Amino acid sequence: MSKRRLRLATLAGLLFVGLSGAAFAAPPAATGLGQAWPNTTDVSANPHWHAYVFVLSGVKYIQVNDQNGNVLGAIGTSNGQFITLPIGAFAQLVTTPQQPAAVTTSAQAAAAPATVYQDDSVQVTATPQTDGTVQLNAVSTRMNAVSTMSCDPVECNNRAQ
């Protein structure tokens, strides 16, 4: 092989590696929320669940699906604030720091909460219930860091609200 062809082959290889790295570092999707199998990366921290992250206008949306692709629920979060989105089979069972579940149930946890998604600002857990439903819970990981520090209980409670 000539030196020129070797250089071209090396350059092509480096270009391919550089471009594929950029593709893997792509930002979260801005569309597809509510779909069973959205065209975005599954970022679940647990093989028994699927988690998808979407970002639009500075708001991060996290959707949780079961293993069959059924949408269970979703939350939106920005700057430590959360909102439950009205999508998914168990949307009324989603809890956030600002919102309790919309309905109460007499079902008990059938298993320990499993972390489905976690990043530097939010953690989402899923807890299967004895009636077949799934409770999703979103918390701020930043609040968790604050709550583990030593502080006056009144001050700590005001931060968590």
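The values are calculated or read from the model by the stated rules, or taken from the named source; none is laboratory data. On a predicted model such as this, the values are computed, not experimentally measured, just so you know. Here Cβ is always computed from backbone atoms with ideal geometry, including for glycine, and neighbour counts include all displayed protein chains.
Need the failing condition index for residue 57 against (1) within 15 Å of the chain's Cα centre (by Cα); (2) among the small types (Gly, Ala, Ser); (3) under 22 Å from residue 30 (Cβ atoms), just the number. In the conditions (1) within 15 Å of the chain's Cα centre (by Cα); (2) among the small types (Gly, Ala, Ser); (3) under 22 Å from residue 30 (Cβ atoms), residue 57 misses (1) alone. Of all positions in the stretch 61-73, at least one carries a residue that is touching an Asp or Glu at 6+ places or on another chain (Cβ under 9 Å), buried (at least 16 other Cβ atoms within 10 Å of the Cβ), without any contact (Cβ under 8 Å) to a residue 40 or more places away in the chain and farther than 24 Å from residue 142 by Cα. Can we say residue 51 is touching a strand residue (DSSP E or B) at 6+ places or on another chain (Cβ under 9 Å) and under 12 Å from residue 135 (Cα atoms)? No: the conditions fail for residue 51. Of all residues in the stretch 115-136, at least one satisfies being surrounded by 17 or more Cβ atoms within 10 Å (Cβ to Cβ) and out of contact with any strand residue (DSSP E or B) (no Cβ under 8 Å at 6 or more places or on another chain). Can you tell me which residue is farthest from residue 139 (Cα to Cα) among those in the stretch 74-95 that are part of a strand (DSSP E or B) and in contact with a Leu (Cβ under 8 Å, 6 or more places away or on another chain)? Ranking the qualifying residues of the stretch 74-95, first place goes to 85. Consider the stretch 27-54 and keep the residues that are among the aliphatic types (A, V, I, L, M), modelled with pLDDT of 95 or more and in a strand (DSSP E or B). The one that is farthest from residue 94 (Cα to Cα) is 53. Number of residues in the stretch 107-140 that are without any contact (Cβ under 8 Å) to a residue 24 or more places away in the chain, of a type in the set (Ser, Thr, Tyr) and part of a loop (DSSP other than H, G, I, E, B): the value is 1.
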